[in-house]
Amino acid sequence: MAERHLTVEVVSPETRVWSGEATMVSARTLEGDIGVLVDHAPLLGVLVDGQVSIKAVDGSVHEFSVAGGFLSVNDNRVSILGESK
């Protein structure tokens, strides 16, 4: 069975910041810190000021500072709309 990953896209109002396949995404929402792995339940969260961290399938880690925004998780797709700090 093929290994499954998250399809992640990070966008700001101006541009696509990063997109690719990942094994984990972590962020801070109004409800607290969240970690997203494959097969996470659907979610819509409001981001607070802080870091969004993405662990790509190649093992590299991408970190982005955001000043609010939204995180959406559905069917192993993660969309992050954030204002850059």
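Throughout, read-outs are computed from the coordinates displayed, never taken from laboratory work. Just so we're clear, the structure is a prediction, and the values are computed from it rather than from any experiment. Don't worry about glycine lacking a Cβ; one is built from the backbone with ideal geometry, like all the others, and counts go over all protein chains shown.
Here are a few things to note about the model shown:
- Simple label model, 7 Å out from Cα along Cβ direction - residue 34 to residue 14, nm: 2.6 nm
- Rounded to the nearest 20 debye, the dipole magnitude of segment 6-84 is 20 debye, with +1 charges on Lys and Arg beta carbons, -1 on Asp and Glu beta carbons, and the Cα centre as origin.
- Sorting 54, 34 from the fewest to the most surrounding beta carbons within 10 angstrom yields 34, 54.
- For segment 1-54, GluC sites (Glu not before Pro) are listed when DSSP marks them as loop and at most 12 other Cβ atoms sit within 10 Å of their Cβ; the list is 3, 14, 31.
- Note on residue 77 and residue 51: the model spin-label points, each 7 Å out from Cα along the C-beta direction, lie 2.9 nm apart.
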